[in-house]
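A short reminder: the numbers here are calculations on the coordinates, not readings from a lab. Quick caveat, the model's predicted, so the values are computed rather than measured. All Cβ positions, glycine included, derive from the backbone under ideal geometry; neighbour counts span all protein chains shown.
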Amino acid sequence: MTRAAKQPLVKVKNLVKYFPIKIGAFGSEKAVVHAIDDVSFDIFRGETLGLVGESGCGKSTTGFTILQIYRSTSGSVEFEGVDLASLSKQELRAMRKRAQIVFQDPYSTLNPRMTIGEALAEPMKVHKICPDNEIQGRIAQLIRDVGLNPNVANRYPHEFSGGQRQRICIARALACNPEFIVCDEPISALDVSIQAQIINLLMDIQEKYNLTYLFIAHDLAVVRHISDRIAVMYLGKIMEIAEKKDLFKRPLHPYTKALLSAVPEADPDIERQRQRIILKGDVSNAIDPPSGCRFHPRCAYATDACAQSVPELEDYGDGHQVACLRLDEIAMEEKLETEDA
Ligand SMILES: Nc1ncnc2c1ncn2[C@@H]1O[C@H](COP(=O)(O)OP(=O)(O)O)[C@@H](O)[C@H]1O
Ligand code: SF4
Ligand SMILES: [Mg+2]
């Protein structure tokens, strides 16, 4: 499918989410967490958009605000052309059956007092997905679809492993026939040995149910397999978005380059040449984010101008968007370094 032929299912435009908080010894001072600031991107129907960035950079807030679990501070989220921020509570509830979320922690997501069958039946009843006499059949089908035996319907969450519970959470997200699922670090809390199984399951059901995903993870290695495109986030801002292949082959933003340098290569020859870029300092505070480019205190290429102006996402061809004021100069500097070497 060409980019022009792709239809956005979700359009995020200039999305902002600030959290007013109290700080100081007795909570006497007020402050604002700039969790996401002027974030814009499209998610095309049927694709997986990976969203990566270090812990605390605003990935979950982006997912929650897209679904309006958190009401946005400003900006808009259009779902098939409808601005979700303009919907009433009741209208949002009706929309929720079309847009679901799978959380990081499958342990706290399921009610320990409900059997698996009850947990799956609940959203179907709330959203009147099918006649009551069809619910048991649908539960059995959903459980089979996520690779479990339908006889688990009578059991309780504590009887299952982390991986099995995440399968059940995925079945619950599927119960309302959604079109869009936010997968918020769905494998981060799981044993490494079963992470690939859950990724493969998500890919299988995406095809079977024609789903669109926003897949959130804190490292690029995890989103590599499942994503069609990848957005890189830093301190509440999108720094780069590109087709997966393009991003891995031609990362342009200095932050993406650093993230990518941490990803091991399967090819031993390439892996031997991999040079890790260690960023100076820590991620800045979202209460008082740096001026200009938020990455400037850690960027090896920063100049005074980077602390003054906020870089906008600009298209460098084929939808490869980057927010950096010095991209052309950096490319030139790197070219000269390669020639000198
Ligand atoms: N409910 C909240 N109240 C106040 N601050 C929050 C809340 N949720 C998230 N934050 C803050 O917003 C920033 C982004 O958090 P989050 O979206 O959870 O990041 P990530 O998912 O990338 O780890 C962090 O600084 C975090 O502390
Ligand atoms: S705008 Fe400046 S600080 Fe930001 S990434 Fe580009 S060079 Fe680095
Ligand atoms: Mg998170």
Margin query: Can you order the peptides 210-218, 111-119 by their average number of other Cβ atoms within 10 Å per residue, highest first?
Written below: 210-218, 111-119
Notebook entry, point to check: Taking the alpha carbon gyration tensor of the stretch 30-185, what are the square roots of 5 times its eigenvalues, largest first, to the nearest whole Å?
Noted result: 30, 19, 14
Next item on the list: With unit charges on the beta carbon (Lys/Arg positive, Asp/Glu negative), name the residue among Pro123, Met95, Asn133 whose Cα is farthest towards the positive pole of the charge dipole of the chain.
Entry: Asn133
Next item on the list: Can you spot the lysines whose alpha carbon is less than 20 Å from Lys22's alpha carbon? Ignore those fewer than 8 places along the same chain.
Entry: Lys30
Checklist line | Largest-first principal axis extents of the Cα set of the stretch 42-131 (Å) | finding: 38, 31, 27
Next item on the list: Net charge near Ser161: determine it from the other residues with C-beta under 11 Å of the C-beta of Ser161, scoring Lys and Arg +1 and Asp and Glu -1.
Entry: 0
Next item on the list: Measure off 7 Å from each Cα along the Cα-to-Cβ vector at Gln197 and Ser161, then give the distance between these two points in nanometres to one decimal.
Entry: 0.5
Checklist line | Principal axis dimensions, largest first and in whole angstrom, of the stretch 161-297 by Cα | finding: 45, 42, 28
Next item on the list: Work out how much length Asn133 to Lys13 would gain on full extension: take 0.36 nm times their residue separation and subtract the Cα-Cα distance, in nm to one decimal.
Entry: 39.0 nm
Margin query: Rounding to the nearest 10 and keeping the result within 0 to 90°, find how far the Cα-based axis of helix 135-145 lies from the longest principal axis of the chain.
Written below: 40
Notebook entry, point to check: Roughly how many nanometres apart are two label points built 7 Å out from the Cα toward the Cβ at Ala25 and Asn151?
Noted result: 6.4
Next item on the list: Could you work out which residue, out of Ala258, Ala25, Ala231, moves most in a Gaussian network model of the chain, that is, has the largest mean-square fluctuation with Cα springs under 10 Å?
Entry: Ala25
Margin query: Can you tell me what share of the DSSP beta bridges in the chain is antiparallel? A percent to the nearest 5 is fine.
Written below: 60
Margin query: When a/c reaches 1.5 or more, the comparison of a/b and b/c decides; with that in mind, is the chain rounded, prolate or oblate per its Cα gyration tensor?
Written below: prolate
Next item on the list: Please report the relative contact order for the chain, taking Cα pairs under 8 Å with a sequence separation of at least 6, and give it as a percent rounded to a whole number.
Entry: 19
Check: Can you pull the Rg over Rh of the stretch 241-303, Cα-only, Kirkwood?
Finding: 1.04
Check: Which of Gln308, Gln197, Gln273 moves the most in a Gaussian network model of the chain with Cα springs under 10 Å?
Finding: Gln273
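Distance check, please: which entries in Lys17/Lys59; Lys13/Lys59; Lys237/Lys335; Lys6/Lys244; Lys257/Lys335 exceed 19 angstrom between their Cα atoms?
Cα-Cα > 19 Å for Lys237/Lys335; rest within.
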Check: With each label point set 7 Å from Cα along the Cα-Cβ vector, what nm distance links Ala300 and Asp328?
Finding: 2.4
Check: Separation of the stretch 292-341 and the stretch 114-176 by C-alpha centroid, Å?
Finding: 48
Check: By the scheme Lys and Arg +1, Asp and Glu -1, what is the net charge of all other residues having a beta-carbon under 9 Å from that of Val16?
Finding: -1
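Based on Cβ point charges of +1 for Lys and Arg and -1 for Asp and Glu, what charge dipole magnitude is obtained for the chain about its Cα centre, in debye rounded to the nearest 20?
Computed about the Cα centre, the dipole is about 1380 debye.
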Next item on the list: Among the aspartates and glutamates, select those whose C-alpha is under 19 Å from the C-alpha of Lys245, and discard any that sit fewer than 8 residues away in the same chain.
Entry: Asp42, Glu47, Asp219, Asp228, Glu265, Asp267, Glu271, Glu314, Asp315, Asp318
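If Lys and Arg each add +1 and Asp and Glu each add -1, what is the summed charge of the other residues whose beta carbon sits under 14 Å from the beta carbon of His127?
Residues close to His127 contribute a combined charge of +3.
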Checklist line | Computed over the stretch 1-145: relative contact order in percent, which uses C-alpha pairs under 8 Å that are six or more apart | finding: 21
Next item on the list: Just subtract the alpha-carbon distance of Gln273 and Gln141 from 0.36 nm times their residue separation and send over the number in nm, one decimal.
Entry: 42.7 nm
